[in-house]
Amino acid sequence: MGGMALVAHGYRRTTEDVDILVAPASLETIHKSLIGLGYRPLFEGSKNVRDTRTGVRIEFVVAGGYPGDGKPKPVAFPNPADVAVEIDGIRYVRLATLIELKLASGMTNPGRIRDLGDVQEIIRVLQLRDDFADRLHPFVREEFIRLAAGVRGNSA
């Protein structure tokens, strides 16, 4: 649901980790399946792991949590089964969900401003119009329209 999802949806951006949206009940099973088979936890009790061969960090984003500052808000990480779209045989979060999560993250955590920049680039590359905001949660719609205006060179 991070940089790899951005690429799958048409915006080329590289990151140094892989973000995977998981249901809370799946996290333990995932760890049991990976730990010792080429993956290790980042530290004792960490939900995230590292590929021991490549060093790539894999971050598990748990459904029900909140993007950005981690505080409750109208936009939360959804159940992956409810928002998945298959692209080239791999399941990613659908575009509208990806944009919602990035907007909510950037809006509530000044340290996540890159998420707003990602949305601007998605708008530019995919030439999304203001009416795309109708597909987004009301909590983030105004910010999407503001960023879209900025991409077009308009003042919001």
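Here the condition is being in contact with a strand residue (DSSP E or B) (Cβ under 9 Å, 6 or more places away or on another chain) and acidic (Asp, Glu); of ASP51, ASP82, it holds for ASP51 alone.
Does ASP19 qualify as being touching a Gly at 6+ places or on another chain (Cβ under 8 Å) and not in a loop (DSSP other than H, G, I, E, B)? So ASP19 passes the test. Whether any residue in the stretch 41-56 is open to solvent by 30 Å² or more (accessible area, probe 1.4 Å), touching an Asp or Glu at 6+ places or on another chain (Cβ under 7 Å) and modelled with pLDDT under 95 is what I want to check. Checking the stretch 41-56: at least one residue is open to solvent by 30 Å² or more (accessible area, probe 1.4 Å), touching an Asp or Glu at 6+ places or on another chain (Cβ under 7 Å) and modelled with pLDDT under 95. Taking GLU59 as the residue in question, decide whether it is open to solvent by 40 Å² or more (accessible area, probe 1.4 Å), farther than 21 Å from THR15 by Cβ and either not hydroxyl-bearing (Ser, Thr, Tyr) or not in a loop (DSSP other than H, G, I, E, B) (or both). It is false that GLU59 is open to solvent by 40 Å² or more (accessible area, probe 1.4 Å), farther than 21 Å from THR15 by Cβ and either not hydroxyl-bearing (Ser, Thr, Tyr) or not in a loop (DSSP other than H, G, I, E, B) (or both).
A single member of ILE35, ILE30 is surrounded by 14 or more Cβ atoms within 10 Å (Cβ to Cβ) and either free of Cβ contacts under 8 Å to residues at least 40 places away in the same chain or in contact with a Phe, Trp or Tyr (Cβ under 7 Å, 6 or more places away or on another chain) (or both), and it is ILE30.
Count of the stretch 74-118 residues, restricted to those that are touching a Pro at 6+ places or on another chain (Cβ under 9 Å) and among the basic types (Lys, Arg), is 3. Scanning the stretch 81-95 for residues that are in a strand (DSSP E or B) and of a type in the set (D, E, K, R), which turns out least open to solvent (accessible area, probe 1.4 Å)? It comes out as GLU86. Within the stretch 65-88, residues that are within 15 Å of PHE139 (Cα to Cα) sit with their Cβ atoms under 7 Å from residues that are assigned to a loop (DSSP other than H, G, I, E, B) and among the hydroxyl-bearing types (Ser, Thr, Tyr), at 6+ positions apart or across chains, in these pairs: PRO72/TYR66; LYS73/TYR66; ALA76/TYR66. When each of LEU116, LEU98 is tested for being within 12 Å of the chain's Cα centre (by Cα) and crowded, with 21+ Cβ neighbours inside 10 Å, the lone residue that passes is LEU98.
From GLU143, GLU100, grab the single residue that is closer than 18 Å to VAL61 by Cα, modelled with pLDDT of 95 or more and of a type in the set (Asp, Glu). Full working, then the answer.
On the way: GLU143 fails: closer than 18 Å to VAL61 by Cα.
Just a single option satisfies the conditions, and that option is GLU100.
The values are calculated or read from the model by the stated rules, or taken from the named source; none is laboratory data. These figures come from a predicted structure and were not determined experimentally. Because the Cβ atoms are built from the backbone with ideal geometry, glycine has one as well, and the counts that use them run over all protein chains shown. Just so you know, the surface numbers come from the protein's heavy atoms only, side chains and all, with ligands and any DNA or RNA stripped out. Shrake-Rupley method; radii C 1.70, N 1.55, O 1.52, S 1.80 Å.
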